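The values are calculated or read from the model by the stated rules, or taken from the named source; none is laboratory data. Small disclaimer: the values here were computed from a predicted structure and weren't measured. Positions of Cβ are backbone-derived with ideal geometry, glycine not excepted, and every protein chain shown enters the neighbour counts. These area figures cover heavy atoms from the full protein model, side chains too; ligands, DNA and RNA do not enter into them. Shrake-Rupley method; radii C 1.70, N 1.55, O 1.52, S 1.80 Å.
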Amino acid sequence: MLTTNAIHDPQTRQTIVRLLSSMGSAKEINQYLKRFSQLDAARFAIVKVGGAVLRDDLDALVSSLAFLQDVGLTPIVIHGAGPQLDAELSAAGIVKQTIDGLRVTSPEALAIVRRVFHAQNLKLVEALQASDARATSIVSGVFEADYLDRERFGLVGEVKRVDLAPIQASLQAGSIPVIASLGETVGGQILNVNADFAANELVQVLQPYKIVFLTGTGGLLDADGKVIDSINLSTEYEHLMQQPWIEGGMRVKIEQIKDLLDGLPLASSVSITRPAELAKELFTHKGSGTLVRRGERVVEASSWDAFDLDRLRGLIESAFGRKLLPDYFETTTLHHAYVSENYRAAVILTREGAGTYLDKFAVLDDAQGEGLGRAVWQVMRDANPRLFWRSRHGNPVNPFYYAESDGCIKQDKWKVFWYGLSAMDEIADCIAYCASHAATLKDPA
């Protein structure tokens, strides 16, 4: 078993990068390893595991959690046991009753709730230990609770206080805390606590960098049943919630995630993915699942005066790894710019005789994988139905450009892209402009 400092060891880091090389580039994997290794152990990630995952996908879950421990990262795991509980209650002849989505819990049901949660907790802990991972079973002592509404719900608890001592003891021992969502009153009465609500309370206290929900679907699904790769709540929430296909449980889940992120640092994010894809979601820009961030506001303006040009220059030069011409802002007539409020992503448009031209699309390395570039792009695209641009051969952004464009022509030095254009003479003008337009970034020395 590697120590918690393993992530800092160069040889170990190279091994990790090789293991992950099929998922993404060495550069981005190293970037995430560096970022995660700088966090306090308790602030790395809280992983919420549903009962269906424990039932259907235990091997993949154990493999992913053990891998994280091997690279020196210790997630905090909290689990539910809904399907298992349904089966056991049904076998005991107890009819399931819910109010407002919460399970009514009688004294007879509570005995089964305790037994099922203990059994599922130990099942995961023992599976982790069988894979040479260190894990600690925590079935009590974390959630101090009071009756939510004893008349309506019976022995159902509302978390009033979170005691981190059992979790911290596990982390200090380099062991994964595996927590059951059971609460106790001050007087010692065990109460059934909804696992999502328990996880939310834990998140608010620990303020983690990552919150991961592991599900069978692998993410939030769009109208076509495809996984939505990222959501920037600052720019997309209102539009998203107006969509007719956002309904029922998905609407509630997005609202809960927004409430959760509103109380966390801007750097925190929620990932929804499958157990087998956990490493890919955490260590690569593309990820695998849905990444939700509070995100940044997008500042829109048609004058350079609206922006801090030193910061904007820094963003562009850092994103491209090359220097802008010194007189770029003086000689470039701005049509419109879209810049994230913290100068981490920007789209710059000019107006040329051939039409609206995308002059720069810049995203900082540490913003890649957050969906911030895509969010700024989408704000721009919604306001500009016709656009053309060029990109160097080998630009890693080109696959995104192909997906966003209606067409592409290859020149000796550039690929020319466009969308919203159909007349051949218009497209020809765009191609001619791209062929003759002088570069505004200096070639590397």
How much area per residue is accessible in the chain when the probe is 1.4 Å and only protein heavy atoms are counted (Å²)? 45
Which lysines, if any, have their Cα less than 18 Å from the Cα of Lys253, not counting same-chain residues under 8 positions apart? Lys48, Lys210, Lys226
222 nm [θ] for the chain, helices only, -39500 (n - 2.57) per DSSP H run of 4+, per residue, to 500? -12000 deg cm²/dmol
Once you have the Cα-Cα distance between Asp305 and Gln168, take 0.36 nm times their residue separation minus that, and quote the gain in nm to one decimal. 44.3 nm
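Full-extension gain between Ala428 and Ser140, please, as 0.36 nm times their residue separation minus the C-alpha to C-alpha distance. Walk me through the numbers on the way to the answer.
Values: separation 288, 0.36 × 288 = 103.68 nm, distance 6.99 nm.
Taking Ala428 through Ser140 to full extension adds about 96.7 nm, to one decimal.
In debye, nearest 20: dipole of the stretch 284-421 around its Cα centre with unit charges on the Cβ of K, R (+) and D, E (-)?
480
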Would you mind classifying the stretch 361-436 by shape? Square roots of the alpha carbon gyration tensor eigenvalues, ordered a ≥ b ≥ c; an a/c under 1.5 is rounded, otherwise it is prolate if a/b is larger than b/c and oblate if not. oblate
How large is the charge dipole for the chain, taken about the Cα centre, if only the Cβ atoms of Lys, Arg (+1) and Asp, Glu (-1) carry charge, to the nearest 20 debye? 920
Site Arg161, offset 7 angstrom along Cα→Cβ, radius 13 Å on amide nitrogen, limited to the stretch 169-192, gives 184-188
Rounded if a/c is under 1.5, else prolate if a/b is larger than b/c, else oblate: which is the stretch 143-286, with a ≥ b ≥ c the root eigenvalues of its Cα gyration tensor? oblate
Among all the lysines, which ones have a C-alpha under 30 Å from Lys442's C-alpha, if same-chain residues fewer than 8 places away are not counted? Lys27, Lys34, Lys286, Lys323, Lys360, Lys410, Lys413, Lys415
Note down, for the stretch 226-362, the three equivalent ellipsoid semi-axes (square root of 5 times each alpha carbon gyration tensor eigenvalue), biggest first, whole angstrom. 34, 18, 14
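Let me know the charge dipole size of the stretch 183-286 about its Cα centre in debye, to the nearest 20, where only the beta-carbon of Lys, Arg (+1) and Asp, Glu (-1) is charged.
The calculation lands at about 300 debye.
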Full extension between Gln243 and Ser90 adds, at 0.36 nm per residue less the Cα distance, a length in nm of 51.4 nm
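Using r as the Cβ-Cβ distance of Gln411 and Asp327, and R0 as 22 Å, what FRET efficiency do you calculate, to the nearest 0.05?
Values: r = 26 Å, r/R0 = 1.17.
After rounding, the FRET efficiency stands at 0.30.
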Asp132 versus Thr350, label points 7 Å from Cα toward the beta carbon: distance in nm? 5.8
For the stretch 304-445, what does the alpha-carbon gyration tensor say about shape, rounded, prolate or oblate, given a ≥ b ≥ c as the root eigenvalues, a/c under 1.5 as rounded, and a/b over b/c as prolate? rounded
